[in-house]
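The values are calculated or read from the model by the stated rules, or taken from the named source; none is laboratory data. These figures come from a predicted structure and were not determined experimentally. Here the Cβ positions follow ideal geometry from the backbone for every residue, glycine too, while neighbour counts run over all protein chains shown. Protein only, heavy atoms only, side chains kept; ligands, DNA and RNA dropped before computing areas. Shrake-Rupley method; radii C 1.70, N 1.55, O 1.52, S 1.80 Å.
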Amino acid sequence: MTEAWALDQDGQLAVGPVRVRVPAKINLHLGVGPLRPDGYHELHTVYHAVSLYDEITARAGDALTLTMQGEGVGEIELDDRNLVIRAARALAAAAKVEPKARLHLRKQIPIAAGLAGGSADAAATLVACDSLWDTGFSRADLADIAATLGSDVPFLLYGGTALGTGRGETVNPVLARATRWHWVIAFSAGGLSTPDVYRELDRLRASGKGGAPLGSTDGLLAALRQRDPAALGAVLGNDLQAAAVSLMPQLETTLQSGRDAGAHAALVSGSGPTCVFLADDEAHAGEIADAVREHGDCREVQLAHGPVPGARVG
Ligand code: ATP
């Protein structure tokens, strides 16, 4: 329990701070169907939460305010355009409480990176403000609010490994053995806009390029029940990869550097440009990371493992 009661500067009873940690996601499978009449693509995806975290701290306050440190400072707005503020307002409206909180975001997940950092922050805010305001909502209630904020937000409440359908907002946990998978994550200099990547995929597909769409997730779900990174690596896939590489050709250099270093898979995460590599174990991940740092065209390389839980107080 992190909640603490104390008197604030005015001698009033103050609650907090509530600290919530939330992971980034990668997609082990990202199958993109045709464009729907509502402008979204039908998705078939397997989300996987990895040990790269943002953190939201919520304190009682007289108004709704947001400060931040870390990745993306100066690049994202801290007003109503920020998913943190939008999540707090959505929760307050659903709970019929005044949206009053002092929120602070400590960001390690790069922005516009295909790691769903903004969605992660929204999920963390829902959990933090839910605790601060004592709304009594269940995780399922929070997931309903989460789905109104973005397709990836419900998954980041739950974490783990899960199947996402619809726009990605319908989430079902995947039954898998308790295996810790080891990943290398390579951040690119600069981001990619998710809508731009989908548009590029539509363009490539219209001209007969873009590659054959991924098939079912059956092979992946079977591999997740084994403990063999080679078997898992063989069935990972991302329909958006060709489009991300088309917009940022240097990603191919990064992907190849990991393949050359013996990664079981090298793929773009979500809409990119982050690249992820599957390793045997932590030592192997360290070797791949060194090679990608040296030969890959990227800004930073980190080790991570998954699956990890979603947004949690603590
Ligand atoms: P996804 O994989 O869900 O498409 P992403 O990882 O590519 O997302 P995000 O970091 O989630 O990208 O951010 C996408 C855009 O959302 C940013 O360019 C920014 O304009 C906006 N945004 C709003 N709030 C946030 C936030 N708290 N953190 C990051 N981006 C935010």
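How many of the residues making up segment 136-183 are farther than 15 Å from Thr125 by Cα, in contact (Cβ under 8 Å) with a residue 24 or more places away in the chain and aliphatic (A, V, I, L, M)? Number satisfying all stated conditions: 6.
Does Val276 fit the bill of being open to solvent by less than 40 Å² (accessible area, probe 1.4 Å), touching a Lys or Arg at 6+ places or on another chain (Cβ under 6 Å) and not in a helix (DSSP H, G or I)? In short, no. Contact map, segment 259-273: first residue more than 17 Å from Leu220 (Cα to Cα) and of a type in the set (D, E, K, R), second residue open to solvent by 10 Å² or more (accessible area, probe 1.4 Å) and at pLDDT 95 or above, Cβ cut-off under 7 Å, separation 6 or more or different chains; pairs are Arg259/Ala266; Asp260/Ala291. Within segment 224-273, the set of residues being open to solvent by less than 60 Å² (accessible area, probe 1.4 Å), within 23 Å of Arg293 (Cβ to Cβ) and in a helix (DSSP H, G or I) comprises Pro229, Gly233, Gln241, Ala244, Val245, Leu251, Thr254, Leu255, Ser257, Gly258. Could you grab me the full set of residues in segment 50-92 that are open to solvent by less than 30 Å² (accessible area, probe 1.4 Å), within 13 Å of the ligand (Cβ to nearest atom) and touching a residue at least 60 places away in the same chain (Cβ under 8 Å)? The answer is Val50, Leu52, Asp54, Ile56, Ala87. Modelled with pLDDT of 95 or more, near the ligand (Cβ under 9 Å from one of its atoms) and over 30 Å from Val301 (Cβ atoms): is that true of Ile109 in this structure? Spelling it out, it is not the case that Ile109 is modelled with pLDDT of 95 or more, near the ligand (Cβ under 9 Å from one of its atoms) and over 30 Å from Val301 (Cβ atoms). The single residue among Leu132, Leu163 that is in a strand (DSSP E or B), crowded, with 18+ Cβ neighbours inside 10 Å and more than 12 Å from the ligand (Cβ to nearest atom) turns out to be Leu163. Candidates are the residues of segment 243-256 that are touching a helix residue (DSSP H, G or I) at 6+ places or on another chain (Cβ under 6 Å) and in contact (Cβ under 8 Å) with a residue 40 or more places away in the chain; the one that is nearest to Ala112 (Cα to Cα) is Ala244.
Among the residues of segment 136-146, some residue qualifies, meaning at least one is within 15 Å of the ligand (Cβ to nearest atom) and either more than 24 Å from Val245 (Cα to Cα) or crowded, with 24+ Cβ neighbours inside 10 Å (or both). Inside segment 147-160, can you point out the residues that are in a loop (DSSP other than H, G, I, E, B) and open to solvent by 30 Å² or more (accessible area, probe 1.4 Å)? Within segment 147-160, just Asp152 meets the criteria. If you go through segment 175-190 and pick out every residue that is within 12 Å of the ligand (Cβ to nearest atom), among the small types (Gly, Ala, Ser) and open to solvent by less than 40 Å² (accessible area, probe 1.4 Å), you end up with 1.
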